[in-house]
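Colleague: Below is a structure I'd like to ask you about.
The values are calculated or read from the model by the stated rules, or taken from the named source; none is laboratory data. Just so we're clear, the structure is a prediction, and the values are computed from it rather than from any experiment. Backbone-built Cβ (ideal geometry, glycine too); neighbour counts: all protein chains shown.
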Amino acid sequence: MNHLVVVLALVGALAWGFWAFFADIATRSMAPEAAMVVSYSVGIGVASLYILYRGTSVLGNDPTAIGFAALAGVASGIGAVAYYGALQAGAAGIATTVTAMYFVVAAVLGVAFLGDSLAASDVAGIAAAVVAVALIAY
């Protein structure tokens with residue numbers, strides 16, 4: 001097992017937990033789309049500083065990757081607008097838990113289009129997560 005993957009994923013989960021918490025507080029007194037713009041603008045600043053620190057080429061070496069990155073931005077923007085709207089409309093625990101199910105969509109797309117494979121334990125884990133989210137949401 002690659003321990004760096006686990007450590008970085010845990011840092012991401014922790015950071016996104018705080019992001020959801022702060023976004024919930026922000027949407028209590030400002031429009032969700034405005035909160036999203038502020039949040040993502042600051043996030044772009046953080047990512048830009050990281051690019052400078054790492055010395056990474058912003059555009060990379062594969063021109064088609066730019067298009068896929070742009071499509072990822074479109075999907076992320078739509079998801080963020082929906083997520084921030086959900087935060088303002090209801091409980092953060094439900095909005096965050098349901099939108100966190102994006103990994104199911106990613107797993108299905110990976111299997112359908114990228115040749116990823118799912119073991120029986122993967123399918124069981126996804127099914128358990130879906131049941132858990134349904135129990136939390138209702």
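Colleague: Return yes when Val37 is modelled with pLDDT of 90 or more and either assigned by TED's automatic domain parsing to the domain that holds Ala134 or of a type outside the set (Asp, Glu) (or both) and no when it is not.
Modeller: Working: modelled with pLDDT of 90 or more: yes; either assigned by TED's automatic domain parsing to the domain that holds Ala134 or of a type outside the set (Asp, Glu) (or both): yes.
Answer is yes for this residue.
Colleague: Looking at Ala70, is it of a type in the set (Gly, Ala, Ser) and either assigned by TED's automatic domain parsing to the domain that holds Ile126 or surrounded by 12 or more Cβ atoms within 10 Å (Cβ to Cβ) (or both)?
Modeller: Values: of a type in the set (Gly, Ala, Ser): yes; either assigned by TED's automatic domain parsing to the domain that holds Ile126 or surrounded by 12 or more Cβ atoms within 10 Å (Cβ to Cβ) (or both): no.
It is false that Ala70 is of a type in the set (Gly, Ala, Ser) and either assigned by TED's automatic domain parsing to the domain that holds Ile126 or surrounded by 12 or more Cβ atoms within 10 Å (Cβ to Cβ) (or both).
Colleague: Name the pairs: first residue in the stretch 116-138 and touching a residue at least 12 places away in the same chain (Cβ under 8 Å), second residue assigned to a loop (DSSP other than H, G, I, E, B), Cβ to Cβ under 6 Å, at least 6 apart or on different chains?
Modeller: Once the first residue is touching a residue at least 12 places away in the same chain (Cβ under 8 Å) and sits in the stretch 116-138, its partners that are assigned to a loop (DSSP other than H, G, I, E, B) give Val133/Met101.
Colleague: Considering only residues that are more than 18 Å from Ala100 (Cα to Cα) and small (Gly, Ala, Ser), look in the stretch 17-35 and name the one that is nearest to the chain's Cα centre (by Cα).
Modeller: My answer is Ala35.
Colleague: Which one of Ala95, Ala107 is under 26 Å from Thr27 (Cβ atoms), assigned to a helix (DSSP H, G or I), of a type in the set (Gly, Ala, Ser) and not assigned by TED's automatic domain parsing to the domain that holds Phe21?
Modeller: Values: Ala107 fails: under 26 Å from Thr27 (Cβ atoms).
Checking each option against the conditions leaves just Ala95.
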